[in-house]
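Engineer: Supplied in structure tokens, the structure appears directly below.
The values are calculated or read from the model by the stated rules, or taken from the named source; none is laboratory data. Remember, it's a predicted structure, so these values are computed and weren't measured experimentally. Note: ideal-geometry Cβ built from the backbone for every residue, glycine included; neighbour counts use all protein chains shown. Note: areas computed on protein heavy atoms with side chains; ligands, DNA, RNA excluded. Shrake-Rupley method; radii C 1.70, N 1.55, O 1.52, S 1.80 Å.
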Amino acid sequence: MGGRISLSKRATCVIASECRQFSDPDSLVKPSDPIRRILATDFRPFTQGVTQGIDVQSLWKWVKLSVAVGALTGLLAGLVYFVLEWSEATFFMSLAGHEEPLFGHFFEVEQGPRVWWLLVLLPAAGGLAAGLVLHFLDKRSGAGRGTNGIIEAFHEGRGEISTRHALWRVLAAALTLGSGGSAGREGTMAYAGASFGSRLSRRFRLTSHDRRLLMLAGAAGGISALFRTPLGAALFALEIIYKEDFETEGMFPVIVSSVTAYSVFTSIFGTGSLFQVPSGGYAFEPSQLVFYGIMALAVAPIAVLWCKASTRWGPNIFRKITVPAWAKPALGGLILGTLALVLPWVIGTGYGWIQDALLPPDSPSRQLPSGYEGFGILMAIAIAKMFATTLTLSSGGAGGVFAPTLFIGGFLGGAFGLLFHELVPGIITQPGAFVLVGMGAFYAGAAKAPLSTIIMISELFGSYDLLVPLMLAIVVSILLLRHVSLFPAQVPTAAESPAHAARYTVDVLESLLVQDYFIKGRASEPVQSNLPLADFLEHVSATAESFFVVANGKGEFVGTVSLDHVRSVVSENEILDFLLVNDAMTPLYSVSPEATLGTALAAIVKHGHEYVPVIDPGGDGSILGTISQRQIAAEYNAEILRRRLQQNQAVAE
């Protein structure tokens, strides 16, 4: 039948009849009885019951803001990525003839002949241009920058980041990196994304608390887009602001922004991981764990040097150099270009060299050396990269430390992988795996971000094959590097952050005095220490009090007694007649009216009672009243609420 379908005459009639019925206007407005009953049902009680307890307004607010921040950040990341890829391909590779494995470039690169004087002058020219932008256009070159600037703004700056300042830094970073500066793209992009979050929060008059969270959402978007690591970037933004804590409150906006920025960026430039593991992945054996642990132990001291060089030594040296601030990035670039003539691996981001280090030692495509020679050279390259990045950033160039830290850790790990492969080739069969694990151990220890690093490294390479050794190496690194950090603005936990001062600080109680809150006249009549406990219980029932100060025969206050304490001492009524109040009391403790609620709370906690008596230390030393632990907690919460309302009012004004 030639692929055609023929219908019988009867079937045709049936279909025609149904079509007429369907085309009848009355059939469209007269549903059957069951359908009519369903349509007439009032579902509002059911839907209200389902949605009760769901804060739809808050959810919608965060969805709108997080998507907006993520979309803006993703678009800017795409523009920055395009410009940097073009400048590197045009000037650095084609014009100056810089030799680097061609991997992951957006543009087709035709490497030209090496022009040594251009390789020296390009970083200097880019540094000069960046210095001029930051000094004469931005005029805030001393302000926080990159990831550390985000952390500073979260803890000390109420989530305030100038968008204009951040965009000038993006331009300066494009000039620095596009000319071969040794720095990363991601830190500056995260800073720009954070500024978008801060800007939107000001536009919609959000509180400082919400502004901080939206700022983190923008930072996550910047890293998610350029690194193509949506989950790792989200966790990183929540984890990097503390050394030993996690900002769980920002989970929703951070994830939404990260996913949005990633989606925008990859819809333009495509999906896929930044690096590629060899075909077949990495095979992990438990016998390899000891070597991964040794590697983590070995790279920890180098991580200490890197943290100190990038945060203290380098900035201090360039601070003492007596040249104009706008010219210092050019000086750093000139030294970097000269170094690159001998060690070409240290210039630029070095992504191509990281990919080359992943290749097997016997791969014909590998350009880096292998064997014992490779161990020494890769170690030297890692140290030189530390020096090169310190030159670029400490001199005033714009960029981040994210990518250089990964490069250093990857080459250190790769060096030990080659060494172990030579020593125990039957156990360490894939030395390239140490590049991945070394990268994670080095960065997690230096940045204090173990959880996000585990996920991010796996996303960067598109592989979870080495999850177990990665976890081990990172834990070892974190334990060894507890006292140093790549980001000086980090605080240990949320309790130490000014951002959470109203929630965590106990110093609030030190500003409140007992005289303003205690209950006057309560427990003002003491009981005698020689009073039988049976009589004491009758006294309690008659006075409706449960806490008393105890006095001796001379009228001196010697202790306190409470109904709960008596019950804990006496379990049977038969012995009540044989015990006195003196047997159930605790030593005297009290506070004066001028004492703080913090002092009163400490006395209550120490002695285990619900109350503390307030006694006038001057005058006749009489009992003025009591204050309870419940009262102190209530006044603490009231004071916290009052301060938050004042803070929100100040933000609104």
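Engineer: Kindly report the accessible area of the stretch 317-410 per residue (heavy atoms of protein chains, probe 1.4 Å, no ligands, DNA or RNA), in Å².
Structural biologist: Value for the stretch 317-410: 36 Å² per residue.
Engineer: Would you kindly find the accessible area of Tyr517, with a 1.4 Å probe and non-protein molecules such as ligands, DNA and RNA excluded, rounding to the nearest 10 Å²?
Structural biologist: Tyr517 exposes around 60 Å² with every protein chain in place.
Engineer: Alpha carbons only, please: Rg and Dmax for the stretch 58-98, in angstrom.
Structural biologist: Just the Cα atoms of the stretch 58-98 yield Rg and Dmax of 17.1, 54 Å.
Engineer: Compute the relative contact order of the stretch 401-450 as a whole-number percentage, counting only Cα pairs closer than 8 Å that sit 6 or more residues apart in sequence.
Structural biologist: About 45 percent, as a whole number.
Engineer: In 5 Å bins starting at zero, report the fraction of Cα pairs in the stretch 290-344 per bin as a rounded %.
Structural biologist: 4, 15, 14, 17, 18, 13, 8, 6, 3, 1, 0
Engineer: Something else about it: Would you kindly find the accessible area of Val290, with a 1.4 Å probe and non-protein molecules such as ligands, DNA and RNA excluded, rounding to the nearest 10 Å²?
Structural biologist: Its accessible surface works out to 90 Å², give or take rounding.
Engineer: Then there is this: Tell me the net charge near Gln367. Cut-off is 10 Å between Cβ atoms, Gln367 excluded, with +1 for each Lys or Arg and -1 for each Asp or Glu.
Structural biologist: Within the 10 Å Cβ shell, the charges total -2.
Engineer: Roughly speaking, to the nearest percent, how much of the stretch 202-297's 1.4 Å accessible area is carbon and sulfur?
Structural biologist: 60 percent
Engineer: Considering Cα pairs under 8 angstrom that are at least six residues apart, work out the relative contact order of the stretch 119-193 and quote it in whole percent.
Structural biologist: Answer for the stretch 119-193 is 45 percent.
Engineer: Quick one: which of Lys308/Lys328; Lys520/Lys606; Lys243/Lys606; Lys320/Lys385 span more than 25 angstrom between C-alpha atoms?
Structural biologist: Over 25 Å apart, Cα to Cα: Lys243/Lys606.
Engineer: What base-10 log of the normalised intensity I(q)/I(0) is obtained for the stretch 167-276 from the Debye formula, alpha carbons as equal point scatterers, at q = 0.16, 0.19, 0.22, 0.23 Å⁻¹?
Structural biologist: Values returned for q = 0.16, 0.19, 0.22, 0.23 Å⁻¹ are -0.73, -0.97, -1.18, -1.24.
Engineer: Something else now. Suppose each label sits 7 Å from its Cα in the direction of the beta carbon; what would the Leu305-Gln111 distance come out to in nanometres?
Structural biologist: Rounded to a tenth, the inter-label distance reads 2.8 nm.
Engineer: Could I ask something else about it? Expressed in nm to one decimal, what extension gain is obtained for the pair Tyr589 and Thr543 from 0.36 nm per residue of sequence separation less their Cα-Cα distance?
Structural biologist: Roughly 14.3 nm would be gained on extension.
Engineer: For Trp345, Trp116, what's the largest-to-smallest order of accessible area, 1.4 Å probe?
Structural biologist: From most accessible down to least: Trp116, Trp345.
Engineer: Could you compute how much accessible surface Trp313 exposes when probed at 1.4 Å, giving the result in Å² to the nearest 10?
Structural biologist: Estimated to the nearest 10 Å², Trp313 gives 110 Å².
Engineer: Could you order Glu152, Glu110 by accessible surface area, starting with the largest, using a probe radius of 1.4 Å?
Structural biologist: Glu110, Glu152
Engineer: Starting from the Cα-Cα distance between Ala283 and Asn530, subtract it from 0.36 nm times their residue separation and give me the gain in nm to one decimal.
Structural biologist: Length gained, Ala283 through Asn530: 80.9 nm.
Engineer: Can you give the local net charge around Gln515? Use residues other than it whose beta-carbon is closer than 13 angstrom to its beta-carbon, Lys and Arg +1, Asp and Glu -1.
Structural biologist: After counting each charged neighbour, the total is -3.
Engineer: Further, regarding this structure: Could you look at the stretch 313-362 and say what percent of its accessible area is carbon and sulfur, using a 1.4 Å probe and all protein chains?
Structural biologist: 73 percent
Engineer: While we're looking at this one, here's another question. Please find the FRET efficiency linking Ile268 to His483, where r is the Cβ-Cβ separation and R0 is fixed at 35 Å, and quote it to the nearest 0.05.
Structural biologist: My answer for the efficiency is 0.25.
Engineer: Let me ask you something else. Cα-Cα pairs above 21 Å in the stretch 342-453: how many percent?
Structural biologist: So the pairs more than 21 Å apart make up 34 percent of the total in the stretch 342-453.
Engineer: Additional query: Could you sort Glu556, Glu422 by their accessible area in this structure, using a 1.4 Å probe and putting the largest first?
Structural biologist: Glu556, Glu422
Engineer: Something else: Rounded to the nearest 0.05, what FRET efficiency is calculated for Leu297 and Glu373 with R0 set to 25 Å and r the Cβ-Cβ distance?
Structural biologist: 0.60
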